[in-house]
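The values are calculated or read from the model by the stated rules, or taken from the named source; none is laboratory data. Computed from a prediction, not measured in an experiment: that's the story for all the values here. Neighbour counts are summed over all protein chains in view; Cβ atoms, including those assigned to glycine, are modelled from backbone coordinates with ideal geometry.
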Amino acid sequence: MNNSTYEIILMLILAYLLGSIPSGVWIGKLFFNIDIRRHGSGNIGTTNTYRVLGPIAGSIVMIMDISKGVVATLLPTFFGNHSLTPLIFGLMAILGHTFSIFDKFKGGKAVAVSAGMLLAYQPILFIIALSMWLLLIFVSSTVSFASIVAFIIITIVIYFTHDILLSILASALTIFIIYRHWPNIIRMLHGTENNVVWFILLVLQTK
C-alpha cells in the first residue's frame, strides 16, 4: 500500500473513533457522577441527557455530537486531500456514534452527528434542517417526531440539489433514523411518548 492508502485508512479510523466518543456518558460520569444509560430512556444522546442532567449538559452533548460529525467530515480537508468525498468520513462518524467501540458497540440514534456531517458538507441545508427541526419541536413538543419528520423533509429537499451521493446517503440515513426511533414511534401511536420541556422552563426549575 502506498502512503495515500495509509492516509485514507488513518482518516477512516479517526472518523470512526471521533464518532464513537460517547459524549452523554462521559459528561454524565465526569461532572454528575451519573451514568445516563441507567436513567430515563437509557439513550446516550442529547434528549436523554437534557432530561436527566439538565439543559446545560444536554446542550453541551448536542454541540459535542454535532462537532463529531463536522470534524470527521472535514478530515480530508485537514489532511489536504481534496480528491476524497467527505461524506465517507461523516458516515464513519455516524457508524461510530451508533456502534461505539467505547460503549460495547452500542450508541445513540445518529441525529446530531448526521446534522454535523450536513453542516460541514452543505451548511445551507443544515440551516434549513435545523430550522425545520426547531419548528417541529415547537409545534409538537416531541423531539423524536421532529427528528423523523425533519429527516424526511430534508431528504426530499436534497433530491432537488442533484447531489446523487448525498441523496443516497440521506435516504439511507432517514430509513435508519426511523428504525432507531421505532420504539418512539410506537409510543407516539399510543400517546405515551415523552414531550420536551422548554429550555427556559428547565433553567428556571434548576434555580
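Numbers at a glance
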{"quantity": "Hits in the stretch 39-53 - residues which are buried (at least 16 other Cβ atoms within 10 Å of the Cβ) and of a type in the set (Gly, Ala, Ser)", "calculated": "Ser41, Gly45"}
{"quantity": "From the options Ala129, Ala115, residue that is at pLDDT 90 or above, hydrophobic (A, V, I, L, M, F, W, C), surrounded by 17 or more Cβ atoms within 10 Å (Cβ to Cβ) and under 14 Å from Thr47 (Cβ atoms)", "calculated": "Ala115"}
{"quantity": "Hey, Pro86 crowded, with 17+ Cβ neighbours inside 10 Å, within 25 Å of Thr5 (Cβ to Cβ) and more than 18 Å from the chain's Cα centre (by Cα) or not", "calculated": "no"}
{"quantity": "Those residues of the stretch 163-173 which are touching a residue at least 24 places away in the same chain (Cβ under 8 Å) and buried (at least 20 other Cβ atoms within 10 Å of the Cβ), in sequence order", "calculated": "Leu166, Leu169, Leu173"}
{"quantity": "Residue check, Phe89 without any contact (Cβ under 8 Å) to a residue 12 or more places away in the chain and aromatic (Phe, Trp, Tyr)", "calculated": "no"}
{"quantity": "Subset of the stretch 79-107 [over 25 Å from Ser167 (Cα atoms), part of a helix (DSSP H, G or I) and not aliphatic (A, V, I, L, M)]", "calculated": "Phe102, Asp103"}
{"quantity": "Scan of the stretch 116-145 for residues that are assigned to a helix (DSSP H, G or I) and farther than 23 Å from Met188 by Cα, ordered by number", "calculated": "Gly116, Met117, Leu118, Leu119, Ala120, Tyr121, Pro123, Ile124, Leu125, Phe126, Ile127, Ile128"}
{"quantity": "The one condition in (1) in contact (Cβ under 8 Å) with a residue 24 or more places away in the chain; (2) surrounded by 21 or more Cβ atoms within 10 Å (Cβ to Cβ) that Ile36 fails to fulfil", "calculated": "(1)"}
{"quantity": "Some residue of the stretch 3-26 being part of a helix (DSSP H, G or I), acidic (Asp, Glu) and surrounded by fewer than 18 Cβ atoms within 10 Å (Cβ to Cβ)", "calculated": "yes"}
{"quantity": "Subset of the stretch 57-83 [of a type in the set (Val, Ile, Thr) and buried (at least 16 other Cβ atoms within 10 Å of the Cβ)]", "calculated": "Ile60, Val61, Ile66, Val70, Val71, Thr73"}
{"quantity": "Residue within the stretch 151-162 that is touching a helix residue (DSSP H, G or I) at 6+ places or on another chain (Cβ under 9 Å), modelled with pLDDT of 95 or more and within 19 Å of Asn43 (Cβ to Cβ) present", "calculated": "yes"}
{"quantity": "Total residues in the stretch 27-50, condition touching an Asp or Glu at 6+ places or on another chain (Cβ under 9 Å) and in a helix (DSSP H, G or I)", "calculated": "4"}
{"quantity": "Conditions (1) in a helix (DSSP H, G or I); (2) closer than 24 Å to Ile127 by Cβ; (3) of a type in the set (S, T, N, Q): number failed by Asn184", "calculated": "(2)"}
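Quick grid of which residues meet (1) closer than 20 Å to Leu14 by Cα; (2) among the basic types (Lys, Arg):
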position	(1), (2)
Arg38	no, yes
Gly42	no, no
Ile56	no, no
Ala72	yes, no
Thr77	yes, no
Phe89	yes, no
Ile94	yes, no
